[in-house]
1. Looking at this structure, is A:Val35 in a strand (DSSP E or B) and either within 14 Å of another protein chain (Cβ to nearest Cβ) or out of contact with any Lys or Arg (no Cβ under 9 Å at 6 or more places or on another chain) (or both)?
2. Could you tell me whether any residue of the stretch B:133-143 is more than 28 Å from B:Gly267 (Cβ to Cβ) and at pLDDT 85 or above?
3. Filter the stretch A:100-113 down to the residues that are more than 7 Å from chain B (Cβ to nearest Cβ) and open to solvent by less than 30 Å² (accessible area, probe 1.4 Å), then identify the one that is farthest from the chain's Cα centre (by Cα).
4. Checking the condition open to solvent by 10 Å² or more (accessible area, probe 1.4 Å), more than 11 Å from every other protein chain (Cβ to nearest Cβ), modelled with pLDDT under 95 and under 30 Å from B:Glu328 (Cα atoms), which residue from A:Glu124, A:Glu131, A:Glu168, A:Glu176 passes?
5. In the stretch B:337-350, which residue that is open to solvent by 10 Å² or more (accessible area, probe 1.4 Å) and in contact (Cβ under 8 Å) with a residue 60 or more places away in the chain is farthest from the other protein chains (Cβ to nearest Cβ)?
6. What's the number of the condition A:Lys116 fails, among (1) open to solvent by 20 Å² or more (accessible area, probe 1.4 Å); (2) among the basic types (Lys, Arg); (3) more than 9 Å from chain B (Cβ to nearest Cβ)?
7. In the set B:Thr200, B:Thr244, B:Thr216, which member is assigned by TED's automatic domain parsing to the domain that holds B:Ser106, of a type in the set (S, T, N, Q), farther than 30 Å from B:Ser95 by Cβ and in contact with a strand residue (DSSP E or B) (Cβ under 8 Å, 6 or more places away or on another chain)?
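The values are calculated or read from the model by the stated rules, or taken from the named source; none is laboratory data. What you are looking at is a predicted structure, and each value in this text was computed from that prediction instead of being measured. Neighbour counts run over all protein chains shown; Cβ positions are idealised from the backbone, glycine included. Ligands, DNA and RNA are stripped out before the accessible areas are found, and what is left, the full protein with its side chains, is counted by its heavy atoms. Shrake-Rupley method; radii C 1.70, N 1.55, O 1.52, S 1.80 Å.
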Amino acid sequence: MIKVSNLRKIYNLGKKNEFTALKGVSLEINQGETVAILGKSGSGKSTLMHLMACLDQPTDGKILFDDITLHDMTAIQAANFRNKRIGFVFQQFFLQPNLNVIENVCLPLMIRGVSKSERIKKAEQALEDVEMLSKRNSRANELSGGQKQRVCIARAIVTEPEVIFADEPTGNLDSETGEKIIQLLFKLNRTKGITLILVTHDLELANLCQRKIYIKDGQIIEES
Amino acid sequence: MKVIDIIQTSNTNLLRSPLRTFLTILAVFIGTLTLTLTNGLGSGVKDFVNKQVSAVNAPGLITITPALRFSSNPLGEPEEYNPDNQKDDTLSTVSLGQEDIDKIKSITNIKAVYPVYRPKAEYITRDNDKKYTINNLEQYIEGLETPLAAGRFPDPNKNEEILLSYKYLGVLNFNEPSDALGQSVKIVYKNILGELKERTYTIVGVSANSLAGSVTRINLNELKEISYWQIGREQGSPILFAQTDPNLSKDELTKLKQELREKGYNGSSLEDQINQINTVIDTIQLVLNAFAIIVIIAGGIGIINTLLMSVYERTNEIGLLKALGMKEHEVFIIFAIEALLIGFWGGVFGIIAGIIVGYGINYFASTTILKDLEGFTLMIFPVQSIIPILLGTMFVGLVAGTLPAIKASKLNPIDALRQE
């Protein structure tokens, strides 16, 4: 599904503070897999995720998403691509504080241009999937950390994406809540067949995934 | 994104920090309020002056004044005496006589020239019981039209007919303007020898109140006769009236005025005078408006400031929206509309407040300082002057929003999400 070949990313190319984040990474991820990308901070794992999620352009190399070469797309095509095919779950949640739960979940559909009644219907379904429907009218900042992350997951699955990129999804949660969030993500992987790519430095979490990819200094040092 | 969703998003963002939005709108509001009032005042005064001046309708009548021949240079050398080339330095020395009338009459397209006679009258009375001073006595020239309260203008051939001023109705015991019609009044004049002369007139019309005041008019020939009797000779006149064909083309009129100028006179039609007054009012209004516009521009800078702060505060959020698939131009439009809405609401509230304050001032003025000026509304707010104000404030908002909107739209989603 995702095929990365010889990917290189250099920040501030040609400037004094030039920094090579990825030094030729190749990997392949199949549909429906759960993959952990492991590494310390600064290892390049986030950069890899950003490139695979079409948030950034590589300096060199190629990413194929099905038959699409990601960096050949225009900015508008890339935006549409992210909106339709990719879901994001972030460590810091990034919920809109001035919107309530259901409005937050509706955001990606609103960006897509879906009608209001349609997106509310879909958002309610997504909230039910993460067992948060009872909080649909709460303000985002009235929720606990675990509840916030559930809403984020609902926001990620409401567009029925093929892949979810989860960037340290349990980083701001206590271990018990984090465990539940991870279980939820795996459940969605099983029931909906969504490919799950987990970016983390937590080995315990990574061990739950089918595959682990270790990254250090911009290179894959181990795959299992 | 759907247009309705974009507008709603902008609106929600504005309501996020209501106090800040309110204060930003306030600056635009104050500017718009001022602009509405200055515009309203200008429109009101212009409307009134035009109504009053155009109420005096004299088709084809041209006012002629002598072109002043100032000494060429007050600091220059004394010139040699020449009786045929005398220069007048002050207006008081100027008076137009029969010689001037003949000169002007010779110009093509001028049908008749009238001097101005204003003999001093001692008093006006109905029954010799109560006598009242009368000092706004003016001549009636055929073709002159002023607002009438009742009746008609005097017949130019009947020296005994009079158009009575509205002001004298009460003191002469007439209840209604129409009661005066057909009645007679006496006016008594005095000459330089101290002799008195009593003339009896029949009231054929009553002139209405106007900005120029309500005047009593008597036929030109009658006043000429009185004037001659008073001083024993033909009297000079500061201005002359020339009657032209009302259907003269613009070119013919320009040519006529040119000829007058060559002969040493200035000619101005009623239209010229209205235009002159309007130019003065427009200039005053422009200066007042300039102050208000400066306030609105300051308000625009406030909008830039507020939105830039908002972009910094919402960096994470903008990053997220872009990651979720929002396009650059959509981010731009959301911020631009926020600015537009600030301008719009500032404009709407400013205009509404301006109109309310304006009506308050109108009410106050009409019961105090402008009590006697009927038909004068100090401030008027025509739609064609209100709409441009609103469009103007929205435009200022939009321009002010451009910089923050570009900044927001160019944010890189990764950097934006990374920022704490």
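1. No.
2. yes
3. Checking each candidate, the answer is A:Asn100.
4. Result of the check over A:Glu124, A:Glu131, A:Glu168, A:Glu176: A:Glu168.
5. Across the stretch B:337-350, the extreme among qualifying residues is B:Phe349.
6. (3)
7. None of the other options fit; the residue is B:Thr200.
For (1) outside the structural domain of B:Leu196 (by TED's automatic domain parsing); (2) loosely packed, with under 12 Cβ neighbours inside 10 Å; (3) touching a strand residue (DSSP E or B) at 6+ places or on another chain (Cβ under 8 Å); (4) closer than 21 Å to B:Asp100 by Cβ, each residue gets a yes or a no:
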| residue | (1), (2), (3), (4) |
| --- | --- |
| B:Asp251 | no, yes, no, no |
| B:Lys263 | no, no, no, yes |
| B:Ala292 | yes, no, no, no |
| B:Ile304 | yes, no, no, no |
| B:Leu308 | yes, no, no, no |
| B:Val311 | yes, no, no, no |
| B:Arg314 | yes, no, no, no |
| B:Leu321 | yes, no, no, no |
